[in-house]
Amino acid sequence: MKFLTGMEPTEKAEATATVASVFMAAGMIAVAVMSGSVSVLAEGIDTVVDVVASVAVLIGLRLSRRHSRDFPNGLYKLENLVAVAIGVLILVSAYELARESIHKLMTEGTRNGITGAWVAMATMAVVVVVTWLLASYKARVGKANNSPSLIADAKHSWTDTVASAAVILGVGLQAAGVPYVDSIVALAIVAFLAWSSIEVIRDGVKVLLDASIEKEVLEQTRSFIESDPRVRRVVAVEGRNSGSFRFLHITIVPDTSDIREADALATELKESLKKEIQNVEEIAIDFSAEAALTATFAVPLAEDGRTVPPHLGDASSFSLISIDPDGQAVVERVPVDNVLAPGTPGHDVKLAVMLARHGVGYLITRERLPEAGAWFVLRANDISVIASPDVKDIETAESKALGAVGVAASLAAVDVACDP
């Protein structure tokens, strides 16, 4: 079928089901008119509803991926809206079948009212096989592509398979002279249809109301991120379904204070998650304030790697010192080479930018920096400058850093104690 070329797998599955349903509906209605079987006619009418539902699903699948000025975030939820509509159609079908079954119970009694029962049964046997194949096909494609409308339509096809098999049983027993069996079997099918429709409507409405995505998907996402050694802790994993697609919002504490490294980590995690989790359309990764559990001090060092030079511009390298929140110990020391040649234009400004990119919160120097380029860059990036002429080497610098954090922690404790 050439019209299937270029379609998405979900669209192809629904189009195939639509064509098959048209032929089945026409065959059942024709046989029902000839045989006088009301149950076959009811199933034929139900299949006509299937055709309408399939067309609706096709429209939903086609339009759900579109973006416009009025809907910049896409029409993903249109699929869920279609799924709800299908659920309502199943309910309508159940109601019509129930009404017809009760009417037969009240008026026909033991009369079979069916001519050519074997023709009707043979026709319904073909319908059972075809609907079973279509239901399996749609369920497989729907799950593979996380399409709620196609999964809902597959459930409808499963109910049609059961209903058609029950119609064969009912027609056969009715033709054999067993009273009421056709209507009783039909009423049992009604209960099955009603339950299926409630399930479909519930699932669709949950997504329309922005309910969270499946718990197992959230747990899978958390486990995947926690397995990355560059992630210190996963603070939160949240998400929502919209149509066939998932939207994730993740908050992590990266095991780095370097902004560039953290951004690179987030980019890699997004790419990996889209391969790991099906149908992820968008991932937002935030860094928690807990990433700053330690205070990071930058100490300029001379060529010997130990002495603090008198001027910032004379630094050959920096030692990035991380202090615990209580100011009790040095948690980490990270050496960073100064690759900028001294005396180059804007040297101090570039140094300030480099420190900001490494997530530095404090800079210890022996000189008071003039309110010029580098000073403004540091201030703009919330980097405090501690100017102390008596800081001659790395040991005294670390002592100064520990003392600064300890004083800050003590003041914070006093504020908490005095807070009414």
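Considering only region 314-321, I want to know if a residue exists there that is crowded, with 18+ Cβ neighbours inside 10 Å, assigned to a loop (DSSP other than H, G, I, E, B), at pLDDT 85 or above and in the same structural domain as Glu398 (by TED's automatic domain parsing). Can you show your working first?
First, pick out the residues of region 314-321 that are crowded, with 18+ Cβ neighbours inside 10 Å: 315, 318-321.
After this cut, where a residue has to be assigned to a loop (DSSP other than H, G, I, E, B) as well, the list is 315.
Now restrict to residues that are at pLDDT 85 or above: 315.
With the extra rule that they be in the same structural domain as Glu398 (by TED's automatic domain parsing), the set shrinks to 315.
Yes, that holds for at least one residue.
Could you give every pair whose Cβ atoms fall below 7 Å, whose first residue belongs to region 212-233 and is free of Cβ contacts under 8 Å to residues at least 12 places away in the same chain and in the same structural domain as Ile259 (by TED's automatic domain parsing), and whose second residue is in a strand (DSSP E or B) and not aromatic (Phe, Trp, Tyr), counting only separations of at least 6 or pairs across chains?
Close Cβ pairs satisfying both conditions: Glu226/Val234.
Could we say that Val82 is at pLDDT below 75 and either crowded, with 19+ Cβ neighbours inside 10 Å or assigned to a helix (DSSP H, G or I) (or both) here?
When the stated conditions are applied, Val82 passes them.
Kindly indicate whether Asp348 is at pLDDT below 85 and among the acidic types (Asp, Glu).
Numbers: at pLDDT below 85: yes; among the acidic types (Asp, Glu): yes.
Spelling it out, Asp348 is indeed at pLDDT below 85 and among the acidic types (Asp, Glu).
Hey, does region 86-99 have a residue that's at pLDDT below 80, over 20 Å from Ala194 (Cα atoms) and outside the structural domain of Asn279 (by TED's automatic domain parsing)?
No, there is no match, as no residue in region 86-99 is at pLDDT below 80, over 20 Å from Ala194 (Cα atoms) and outside the structural domain of Asn279 (by TED's automatic domain parsing).
This table checks each residue for (1) hydrophobic (A, V, I, L, M, F, W, C); (2) in a loop (DSSP other than H, G, I, E, B); (3) under 40 Å from the mean Cα position of the chain (by Cα).
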{"position": "Pro325", "(1), (2), (3)": "no, yes, yes"}
{"position": "Gln328", "(1), (2), (3)": "no, yes, no"}
{"position": "Val334", "(1), (2), (3)": "yes, no, yes"}
{"position": "Leu340", "(1), (2), (3)": "yes, yes, no"}
{"position": "Thr344", "(1), (2), (3)": "no, yes, no"}
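Conditions (1) touching a helix residue (DSSP H, G or I) at 6+ places or on another chain (Cβ under 9 Å); (2) crowded, with 16+ Cβ neighbours inside 10 Å; (3) closer than 30 Å to Glu332 by Cα, marked per residue:
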{"residue": "Phe224", "(1), (2), (3)": "yes, yes, yes"}
{"residue": "Ser227", "(1), (2), (3)": "no, no, yes"}
{"residue": "Glu238", "(1), (2), (3)": "yes, no, no"}
{"residue": "Asn241", "(1), (2), (3)": "yes, yes, no"}
{"residue": "Ala266", "(1), (2), (3)": "no, yes, yes"}
{"residue": "Val280", "(1), (2), (3)": "yes, yes, no"}
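Determine, yes or no, whether Gly44 is modelled with pLDDT of 65 or more, within 16 Å of Met124 (Cβ to Cβ) and either in a loop (DSSP other than H, G, I, E, B) or not acidic (Asp, Glu) (or both). Working first, answer last.
Values: modelled with pLDDT of 65 or more: yes; within 16 Å of Met124 (Cβ to Cβ): yes; either in a loop (DSSP other than H, G, I, E, B) or not acidic (Asp, Glu) (or both): yes.
For Gly44, the condition - modelled with pLDDT of 65 or more, within 16 Å of Met124 (Cβ to Cβ) and either in a loop (DSSP other than H, G, I, E, B) or not acidic (Asp, Glu) (or both) - is met.
When you go through Ala352, Ala387 one by one, which is the residue that is of a type outside the set (Val, Ile, Thr) and either surrounded by 15 or more Cβ atoms within 10 Å (Cβ to Cβ) or not assigned by TED's automatic domain parsing to the domain that holds Glu303 (or both)?
Ala352
List pairs: first residue in region 130-141 and on the phi < 0 side of the Ramachandran plot and assigned by TED's automatic domain parsing to the domain that holds Phe23, second residue buried (at least 20 other Cβ atoms within 10 Å of the Cβ) and of a type in the set (Asp, Glu) anywhere in the structure, Cβ distance under 7 angstrom, at least six positions apart or on different chains.
Going by the 7 Å Cβ cut-off, the qualifying pairs are Thr131/Asp160; Lys138/Asp153.
Which of the residues belonging to region 339-395 are small (Gly, Ala, Ser) and free of Cβ contacts under 8 Å to residues at least 40 places away in the same chain?
To start, the set of residues in region 339-395 that are small (Gly, Ala, Ser) comprises 341, 343, 346, 352, 356, 359, 361, 372-374, 380, 384, 387-388.
Ala341, Gly343, Gly346, Ala352, Ala372, Gly373, Ala380, Ser384, Ala387, Ser388, listed by residue number.
Considering only region 278-301, state which residues are at pLDDT 90 or above and touching a Pro at 6+ places or on another chain (Cβ under 7 Å).
Pro300 - this is the single residue of region 278-301 that is at pLDDT 90 or above and touching a Pro at 6+ places or on another chain (Cβ under 7 Å).
Does Ala302 fit the bill of being of a type in the set (Gly, Ala, Ser) and within 17 Å of Asp255 (Cβ to Cβ)?
For Ala302, the condition - of a type in the set (Gly, Ala, Ser) and within 17 Å of Asp255 (Cβ to Cβ) - is not met.
The values are calculated or read from the model by the stated rules, or taken from the named source; none is laboratory data. Only a predicted model underlies this, so the values are computations on that prediction, with no experimental measurement involved. In this analysis, Cβ positions are derived from the backbone assuming ideal geometry, glycine residues included, and neighbour counts consider all displayed protein chains.
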